[in-house]
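The values are calculated or read from the model by the stated rules, or taken from the named source; none is laboratory data. The structure presented is a predicted model; accordingly, all values stated were derived computationally and were not measured. Every residue, glycine as well, gets a Cβ built from its backbone with ideal geometry; the counts of neighbours run over all protein chains shown.
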């Protein structure tokens, strides 16, 4: 019988403790907030996992063609400037910024905020927590973020210095100047 793990909200971890916890529990997906709070994420359901894979493939295919940066999946952690260690569902970093990192920095939680992030709202996600995370990405240097909620068929677009743009049932999204020439077809996810 598996017992639930209860982590008190007041319990805080530093980066080294977080790394040890992750190493001891490789099957868990975890993040660390800037305040040191541990966030344990439930596995994504099959449908959500398929959507996430399709979205990452689309961005990866565009990136292979353009060679403008590096694409990352949901298992990748980034150490943001505020100290949080976050794992967007899909992330992309401009090649020149990635090249500035040392090989050691690339092997661990890269100390860089992605230029682009995508968060797919799954059945187990709290939408307000995802919105807070999207704002955190923007505050830490992200230039474009998409929060896609298949259940409500809604997309929120995050950009620095601008109000969040909310779209209901869009058929596509533009990568704008951040992902030049990229158009994401949303029919697979928001059908």
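Taking the criterion of being in contact with a helix residue (DSSP H, G or I) (Cβ under 7 Å, 6 or more places away or on another chain) and in a loop (DSSP other than H, G, I, E, B), the only residue of region 143-158 that qualifies is 150. Taken together, the residues in region 119-135 that are closer than 18 Å to residue 76 by Cα and part of a helix (DSSP H, G or I) amount to 3. Scanning region 150-176 for residues that are modelled with pLDDT under 95 and buried (at least 18 other Cβ atoms within 10 Å of the Cβ) returns a single hit, 150. Of everything in region 120-131 that is buried (at least 19 other Cβ atoms within 10 Å of the Cβ) and touching a residue at least 40 places away in the same chain (Cβ under 8 Å), the residue that is nearest to the chain's Cα centre (by Cα) is 120. Just to be sure, is residue 138 in a helix (DSSP H, G or I), under 16 Å from the mean Cα position of the chain (by Cα) and closer than 16 Å to residue 176 by Cα? The answer is yes for residue 138.
Results for (1) more than 25 Å from residue 182 (Cα to Cα); (2) under 16 Å from the mean Cα position of the chain (by Cα); (3) modelled with pLDDT of 95 or more, shown as yes or no for each residue.
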{"residue": "82", "(1), (2), (3)": "yes, yes, yes"}
{"residue": "91", "(1), (2), (3)": "no, yes, yes"}
{"residue": "103", "(1), (2), (3)": "yes, no, yes"}
{"residue": "118", "(1), (2), (3)": "no, yes, yes"}
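Taking region 17-40 as the search range and keeping residues that are loosely packed, with under 10 Cβ neighbours inside 10 Å and at pLDDT below 85, which one is farthest from residue 111 (Cα to Cα)? So the residue we want is 27.
Among the residues making up region 132-178, those that are touching a residue at least 60 places away in the same chain (Cβ under 8 Å) and touching a strand residue (DSSP E or B) at 6+ places or on another chain (Cβ under 6 Å) are 148, 178. Within region 35-46, if we keep just the residues that are more than 25 Å from residue 83 (Cα to Cα) and in contact (Cβ under 8 Å) with a residue 24 or more places away in the chain, the residue that is nearest to the chain's Cα centre (by Cα) turns out to be 44.
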